[in-house]
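The values are calculated or read from the model by the stated rules, or taken from the named source; none is laboratory data. Given the structure is predicted, the values throughout are model-derived calculations rather than measurements. Accessible surface is based on the protein model in full, side chains and every heavy atom, while ligands, DNA and RNA are left aside. Shrake-Rupley method; radii C 1.70, N 1.55, O 1.52, S 1.80 Å.
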Amino acid sequence: MVDTLTIARELRAADLPAPQAEAIAAAIARSITESAATKADVAAAEQSLRSEINLLKAELQMVRQELKAEIERVRSQLLVWVVSTQVAVGGLIIAIIKL
């Protein structure tokens with residue numbers, strides 16, 4: 001809260017006329033109260049941030065599951081490739097031995 005009475009008194013003490021001192025004090029108070037965040041503003045911002053964080057966590061979990069599935073797919077393909085290569089090399093060795 002802004003103590004406009006104290007501000008106006010100090011301005012009057014600095015030789016400003018009472019109407020000007022009061023107008024300046026009121027303008028200062030209005031400026032501060034219009035630009036200051038209330039507890040409700042802070043609570044709303046906090047809730048919004050929590051919601052965004054929860055959304056990001058869910059998206060991150062989904063990406064993590066997709067990556068695990070992709071890693072498993074690549075692992076399976078690699079296993080097939082290695083086994084196929086070993087069979088081919090084995091066949092090549094048998095073919096060379098029969099020559």
Inset, instruction - Evaluate the following for E34: is it of a type outside the set (G, A, S), modelled with pLDDT of 90 or more, outside any loop (DSSP other than H, G, I, E, B) and at negative phi? - result: no
Legend entry - Whichever residue in segment 37-50 is modelled with pLDDT of 90 or more and of a type in the set (A, V, I, L, M) and, among such residues, is most open to solvent (accessible area, probe 1.4 Å): L49
Legend entry - Selected residue (only one of I32, I53 is hydrophobic (A, V, I, L, M, F, W, C), more than 21 Å from the chain's Cα centre (by Cα) and open to solvent by 70 Å² or more (accessible area, probe 1.4 Å)): I32
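Yes or no, residue by residue, for (1) of a type outside the set (S, T, Y); (2) assigned to a helix (DSSP H, G or I); (3) modelled with pLDDT under 95:
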| residue | (1), (2), (3) |
| --- | --- |
| R12 | yes, yes, yes |
| A25 | yes, yes, yes |
| Q61 | yes, yes, no |
| L67 | yes, yes, no |
| S76 | no, yes, no |
